[in-house]
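Report on the structure given below.
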Amino acid sequence: MSGPHPLTAEASLLLRQGRAREALALLDQRVAEAPDDLDALKGQALCRYQVGDAAGAAQAFAQLVEARPGDASSWASLARVRLDLNDHYGAEQALRRLIELRPGDAAARGQLLNLLMARQAWSDIVALGPSEAPDQQGLYARALAALERNTEAIAAYQAIPRRTAEQEADLAVLCHGERRFAEARRAAQAALDGGLDVAAVWLVKAKSEVPLILPEEARESLRRAAALDFRNSAILMEQVQLDWMASGDPAALEPLERRARETPDDAEAWRGLARARLFALGPAAAYEAAAEAARRHPKDLGLQLDAVTAAAEAGEPRAALAHALTARGLGAADEQVGGAETMALLGVGEAATAEALATRLVRGQPGNQLYLALLASAWRQKGDPRYGRLYDYARVVRPRLIETPEGWSSLDAFLSDLAAELERLIPYRAPPFGQSTRDAVQTVGDLTRRDEPVIRALFVELSRAIETHIAEMRAEAANWPPEMISRLAPHWRFNGAWSVIQRAGGHHADHVHPAGWLSSAFYVRAPEQALGQGHEGWIQFGRPGFPAQPPLPPEHFVRPQPGMLVLFPSYMWHGTEPFTTGEVRHTVAFDVIPSASPA
């Protein structure tokens, strides 16, 4: 095999001596004489880069890789030159080809990841797959989180051998969002131990300790968070909520009331106050705060949206429509304001306009059960027969007794043990803000993640009942609402589970479960009054969770019975009638959603 041409050889010597311009003159001559001399072309590209002609170098390297597509070093050089030219797209293509040729090139992978990160190309980052390089593993996990593939993101973070404090903090947030509270608390503590002593980490730690029934630890974590960021109203809101849960006393709201009065420009304080008042003082008091917040912050879209919802729930539909008009003027889209606006339209009897808006909402988000519920309410006001098909109570609301779990002599014995265990998990005197229960206490955290044998036994039997229910749906699919049947999938999974104990006067406000598919009520205990002929303590269906005009009273009732599970579509308005005896109404509730793979 012959060696390089004399001109190329001489140029190579000059280049090693640092005489790049002289070398380039010889190589330009050689390439002009023999364009197919790839050694000369490569030398020319290197010389152009050394003398500062990046554009010329890029052109030469592009010619070279076209002629030698398997030359990894030339692809690497092309990527480097294109990066210098800020040709990020071209550099990305060169790096992709380089990684194909050298899959283990961590530097090239890192450069490509940085480019993808700069344009937040999360799907492309995930498509590259996990890396063994520690500094790249976190980016892969972060991309999964950005794509809301949270379970995979958690696994990716946990696979990193030595996580940084920042990665521990990201992991804590993800675990908390997935209701994996013990893991969230551990990750938050690891972030703190790693030196990330910031309010946000203390806050996620506290929010994980509340459902783990560690109220004093949560209180201390919130104190540490507030010490680091004392103006943060989100932290104050969590402190107020914890005091409310511990006492059930509306006086717990005073620090938030004081913050709103003393710092009237603090939008977050007003937003939190309206939310807290709704559950501690009722819809009218909540709207008072929301309206004041909207008045003080007329350009704050979030506060205007809050005012729309608060007014609708407080029975002030015309005020809600006025706030909605303001929100629309600030650029609010249907999906932001449409739900509360539809409630307000139904509150003033404009069923046709409400139907048109709800129809748009359902088309945009067909899986949103609140939008389906609002559309159904509009149909009901209009006397549209489609309402009866969607709210076919006799077909889609199905009560059934569960079987006695293995290990218990009778269903009564099981329910007695279950009640005792669930009561142990309720150390608080009031439910968290945001729940539909009134004058009641409630577990915090997801019961499906508990390890107690009696709770696990419950979900075994509930799963069997759900399987039976879904099998009946499949068998009768032609007669079920398409809105239910269209979402059938090969599998299903629980999407949260909780337990509520109501005493005299307690009830559930009418509501739906926007993110569900099937919703439920399982009765652990029922008051004797509910076993009689009245509707006290019964679950009711059909009355919306806001005042409608004309009124839409409940249409269907199911009498509770210990051991009975009631399953129904998540888009159905449901609540309970208060009861007056000194007994308790004790339930477990959960949502079910379709799933492409087993849980």
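Can you go through 255, 264 and tell me which one is at negative phi and either open to solvent by less than 20 Å² (accessible area, probe 1.4 Å) or outside any helix (DSSP H, G or I) (or both)?
It is 264.
Collect the residues in the range 46-70 that are of a type in the set (D, E, K, R) and crowded, with 18+ Cβ neighbours inside 10 Å, keeping them in residue-number order. Before you say what the answer is, go through the steps one by one.
Initial filter on the range 46-70 (of a type in the set (D, E, K, R)): 48, 53, 66, 68.
Once the filter is applied, which keeps residues that are of a type in the set (D, E, K, R) and crowded, with 18+ Cβ neighbours inside 10 Å, the range 46-70 yields only 48.
When the residues of the range 31-48 are narrowed to those that are charged (D, E, K, R) and not in a helix (DSSP H, G or I), which ends up modelled with the highest pLDDT? Explain how you work it out, then say what you get.
First pass over the range 31-48, keeping only residues charged (D, E, K, R): 33, 36-37, 39, 42, 48.
From what's left, not in a helix (DSSP H, G or I): 36-37.
Values: 36: 74, 37: 71.
Top of the filtered list is 36.
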List pairs: first residue in the range 146-163 and under 16 Å from residue 134 (Cβ atoms), second residue among the hydroxyl-bearing types (Ser, Thr, Tyr) anywhere in the structure, Cβ distance under 6 angstrom, at least six positions apart or on different chains. 156/140
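Starting from residues that are open to solvent by less than 30 Å² (accessible area, probe 1.4 Å) and touching a Leu at 6+ places or on another chain (Cβ under 8 Å), keep the ones in the range 268-282 and report whichever is farthest from residue 326 (Cα to Cα). Show your work before the answer.
Residues of the range 268-282 that are open to solvent by less than 30 Å² (accessible area, probe 1.4 Å), as a first pass: 269-270, 272-274, 276, 280, 282.
Right, trim to touching a Leu at 6+ places or on another chain (Cβ under 8 Å) and you get 269-270, 272-273, 276, 280.
Values: 269: 21, 270: 18, 272: 21, 273: 21, 276: 24, 280: 28 Å.
The qualifying residue farthest from residue 326 (Cα to Cα) is 280.
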Taking the range 159-177 only, how many residues are open to solvent by less than 50 Å² (accessible area, probe 1.4 Å) and assigned to a loop (DSSP other than H, G, I, E, B)? 1
Among the numbered criteria (1) buried (at least 18 other Cβ atoms within 10 Å of the Cβ); (2) outside any helix (DSSP H, G or I), which single criterion is violated by residue 185? (2)
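For the range 442-450, state whether one or more residues are more than 29 Å from residue 286 (Cα to Cα), hydrophobic (A, V, I, L, M, F, W, C) and in contact (Cβ under 8 Å) with a residue 60 or more places away in the chain. Working first, answer last.
So the first thing to find is which residues in the range 442-450 are more than 29 Å from residue 286 (Cα to Cα), and the list is 447-450.
Right, trim to hydrophobic (A, V, I, L, M, F, W, C) and you get 447.
Narrowing the set further to residues that are in contact (Cβ under 8 Å) with a residue 60 or more places away in the chain leaves 447.
The answer is yes, given that some residue of the range 442-450 is more than 29 Å from residue 286 (Cα to Cα), hydrophobic (A, V, I, L, M, F, W, C) and in contact (Cβ under 8 Å) with a residue 60 or more places away in the chain.
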May I ask you to list the residues in the range 61-79 that are assigned to a helix (DSSP H, G or I) and either touching a residue at least 24 places away in the same chain (Cβ under 8 Å) or on the phi > 0 side of the Ramachandran plot (or both)? 64, 65, 67, 72, 74, 75, 76, 77, 79
So the check is Cβ under 6 Å with 6+ separation or different chains; which pairs have a first residue in the range 328-340 that's open to solvent by less than 40 Å² (accessible area, probe 1.4 Å) and a second one that's basic (Lys, Arg)? 334/360
Report every pair of residues separated by at least 6 positions or lying on different chains whose Cβ atoms are under 8 Å apart, first residue within the range 262-283 and more than 19 Å from residue 231 (Cα to Cα), second part of a helix (DSSP H, G or I) and open to solvent by 60 Å² or more (accessible area, probe 1.4 Å). 277/288; 278/313; 283/313
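Working carefully through the options 307, 312, 285, find the one that is surrounded by fewer than 20 Cβ atoms within 10 Å (Cβ to Cβ) and of a type in the set (A, V, I, L, M, F, W, C).
Of the residues listed, the single one that is surrounded by fewer than 20 Cβ atoms within 10 Å (Cβ to Cβ) and of a type in the set (A, V, I, L, M, F, W, C) is 285.
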Go through (1) assigned to a helix (DSSP H, G or I); (2) over 30 Å from the mean Cα position of the chain (by Cα); (3) modelled with pLDDT of 95 or more and name the single condition residue 318 misses. (3)
Matching residues in the range 381-391 - criterion: being part of a helix (DSSP H, G or I) and without any contact (Cβ under 8 Å) to a residue 40 or more places away in the chain: 382, 386, 387, 388
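Looking only at the range 323-341, which residues are in a loop (DSSP other than H, G, I, E, B) and of a type in the set (A, V, I, L, M, F, W, C)? Let's see the steps before the verdict.
At the first step, the residues of the range 323-341 found to be in a loop (DSSP other than H, G, I, E, B) are 330-333.
Correct list: 330, 332, 333.
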Positions within the range 397-410 being in contact (Cβ under 8 Å) with a residue 40 or more places away in the chain, assigned to a loop (DSSP other than H, G, I, E, B) and open to solvent by 80 Å² or more (accessible area, probe 1.4 Å), in sequence order: 403, 406
Go through the residues of the range 102-124 one by one and say whether even a single one is in a helix (DSSP H, G or I), aliphatic (A, V, I, L, M) and within 29 Å of residue 18 (Cα to Cα). yes
Residue identified as touching a Ser or Thr at 6+ places or on another chain (Cβ under 9 Å), surrounded by fewer than 19 Cβ atoms within 10 Å (Cβ to Cβ) and outside any strand (DSSP E or B) among 420, 413, 378, 394: 413
Looking only at residues that are in a loop (DSSP other than H, G, I, E, B) and open to solvent by less than 10 Å² (accessible area, probe 1.4 Å) in the range 517-539, which one is modelled with the lowest pLDDT? 527
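For the range 359-375, give me each residue that is assigned to a helix (DSSP H, G or I) and open to solvent by less than 40 Å² (accessible area, probe 1.4 Å).
Within the range 359-375, the first condition is being assigned to a helix (DSSP H, G or I), and the residues that meet it are 359-364, 369-375.
Hits for the range 359-375 are 359, 361, 362, 369, 370, 371, 372, 373, 374, 375.
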I'd like to know if the range 128-144 contains one or more residues that are open to solvent by 50 Å² or more (accessible area, probe 1.4 Å), over 29 Å from residue 496 (Cβ atoms), assigned to a helix (DSSP H, G or I) and among the charged types (D, E, K, R). yes
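So for the range 213-231 (the condition being under 22 Å from residue 270 (Cβ atoms), open to solvent by 30 Å² or more (accessible area, probe 1.4 Å) and assigned to a helix (DSSP H, G or I)), does at least one residue qualify?
Just the residues of the range 213-231 that are under 22 Å from residue 270 (Cβ atoms), to begin with: 222, 225-226, 229-231.
Narrowing the set further to residues that are open to solvent by 30 Å² or more (accessible area, probe 1.4 Å) leaves 229-231.
From what's left, assigned to a helix (DSSP H, G or I): none.
Looking for residues that are under 22 Å from residue 270 (Cβ atoms), open to solvent by 30 Å² or more (accessible area, probe 1.4 Å) and assigned to a helix (DSSP H, G or I), one finds none in the range 213-231, hence no.
I'd like the residue in the range 504-516 that is in contact with a strand residue (DSSP E or B) (Cβ under 6 Å, 6 or more places away or on another chain) and surrounded by fewer than 23 Cβ atoms within 10 Å (Cβ to Cβ) and, out of all such residues, is modelled with the highest pLDDT.
Quick first cut of the range 504-516, residues in contact with a strand residue (DSSP E or B) (Cβ under 6 Å, 6 or more places away or on another chain) only: 505-510, 513, 516.
Remaining after also requiring surrounded by fewer than 23 Cβ atoms within 10 Å (Cβ to Cβ): 505-507, 509-510, 516.
Numbers: 505: 64, 506: 63, 507: 67, 509: 83, 510: 91, 516: 96.
Looking at the filtered set, the residue picked out is 516.
Can you find a residue in the range 475-489 that is out of contact with any Phe, Trp or Tyr (no Cβ under 8 Å at 6 or more places or on another chain), buried (at least 17 other Cβ atoms within 10 Å of the Cβ) and under 28 Å from residue 389 (Cβ atoms)?
If we filter the range 475-489 for residues that are out of contact with any Phe, Trp or Tyr (no Cβ under 8 Å at 6 or more places or on another chain), which is where we start, we get 475-482, 485-486, 488-489.
Filter once more, keeping what is buried (at least 17 other Cβ atoms within 10 Å of the Cβ): 480-481.
Within this subset, residues satisfying the condition of being under 28 Å from residue 389 (Cβ atoms) are 480-481.
Yes, some residue in the range 475-489 is out of contact with any Phe, Trp or Tyr (no Cβ under 8 Å at 6 or more places or on another chain), buried (at least 17 other Cβ atoms within 10 Å of the Cβ) and under 28 Å from residue 389 (Cβ atoms).
The values are calculated or read from the model by the stated rules, or taken from the named source; none is laboratory data. Please read all numbers here as calculations on a predicted model, not as lab measurements. All Cβ positions, glycine included, derive from the backbone under ideal geometry; neighbour counts span all protein chains shown. Areas reflect the complete protein model, heavy atoms only, side chains present, ligands, DNA and RNA absent. Shrake-Rupley method; radii C 1.70, N 1.55, O 1.52, S 1.80 Å.
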